[in-house]
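Readers should treat all values here as calculations from the given coordinates under stated rules, not as data from a laboratory. Being a predicted model, the structure only gives us computed values, none of them experimental. Don't worry about glycine lacking a Cβ; one is built from the backbone with ideal geometry, like all the others, and counts go over all protein chains shown.
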Amino acid sequence: NAGVTQTPKFQVLKTGQSMTLQCAQDMNHEYMSWYRQDPGMGLRLIHYSVGAGITDQGEVPNGYNVSRSTTEDFPLRLLSAAPSQTSVYFCASIKRVGGDTEAFFGQGTRLTVV
Amino acid sequence: KQEVTQIPAALSVPEGENLVLNCSFTDSAIYNLQWFRQDPGKGLTSLLLIQSSQREQTSGRLNASLDKSSGRSTLYIAASQPGDSATYLCAVLSNDYKLSFGAGTTVTVRA
């Protein structure tokens, strides 16, 4: 059981380049989300999904796109990278069993935009 | 919008002292509260999970309480060790399945 897997772990982009951060979970969780972590600001929600085919914006969605074609995968796309998108990105999935819930996180992607 | 605040932002204690980390949140409509540990440059490690119907959880030297009505949680770490040095994050899962995080408490335990 791999849990939540993010790739790549590290990435350097030039301003204006595009890329996709991959996130996959093998726990059949309906809810998945993307966060960015910046120094002193905690983790902030970028986009989230409550199931295949359904996505919505979080707190800081500008500059990012998502799609959810399967339960397992939730990729995050940067269309035109900017230095302000230099951050650590975390993907999470949420288990829901009866009335109990729990969040699981990937190991993160450290992105630098130069 | 859920707002999560952690106090203090940083804490430095001698080895052996007990640690008390505080977390407060503004909306009591939550599913659960999780405490995470994060080492520099690393990912999030889940420490304790408290469902909304529970009052506390314990794991070894760690104990976390939850008072949903007042919007507060406290993480206690007994007999601190240098290996406890890390940043501790509090996260609240609201009823719309959005996780909201505090900015964290950075703990330094001096040998």
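Sorting A:Met32, A:Met19, A:Met41 by the number of Cβ atoms found within 10 Å of their own Cβ, with the fewest placed first, yields A:Met41, A:Met19, A:Met32.
Short-range pairs are left out: with C-alpha atoms under 8 Å and at least six residues apart, the relative contact order of chain A is 35 percent.
About the centre of its Cα atoms, chain B shows a dipole size close to 100 debye [charges on the beta carbon of Lys, Arg (+1) and Asp, Glu (-1) only; nearest 20 debye].
Of the residues B:Thr105, B:Thr26, the one with the fewest other Cβ atoms within 10 Å heads the list, and the complete ranking is B:Thr26, B:Thr105. In a shell of Cβ-Cβ distance under 12 Å around A:Cys23, excluding A:Cys23 itself, what net charge do Lys and Arg (+1) and Asp and Glu (-1) give? After counting each charged neighbour, the total is -1.
Separation of the range B:1-56 and the range B:83-101, taken as the distance between their Cα centroids, equals 6 angstrom. Distance between the modelled labels on A:Thr86 and A:Ile54, one decimal in nanometres: 3.8 nm (7 Å Cα→Cβ projection).
Treat the count of other C-beta atoms within 10 Å as a stand-in for reagent exposure and order B:Lys1, A:Lys9, B:Lys98 from fewest to most. Provide the component values of the computation, followed by the final result.
Values: B:Lys1 8, A:Lys9 11, B:Lys98 18.
Fewest to most other Cβ atoms nearby, the residues stand as B:Lys1, A:Lys9, B:Lys98.
Within the protein assembly as shown, how many Lys pairs that are eight or more residues apart, or on different chains, come under 19 Å at the alpha-carbon?
Details: A:Lys9/B:Lys42; A:Lys95/B:Lys98; B:Lys1/B:Lys68; B:Lys1/B:Lys98; B:Lys68/B:Lys98.
Step by step, the pairs that qualify in the protein assembly as shown add up to 5.
When the protein assembly as shown is described by a simple charge dipole with +1 on each Lys and Arg Cβ and -1 on each Asp and Glu Cβ, the residue from B:Gly43, B:Thr26, A:Tyr31 located farthest towards its positive end is B:Gly43.
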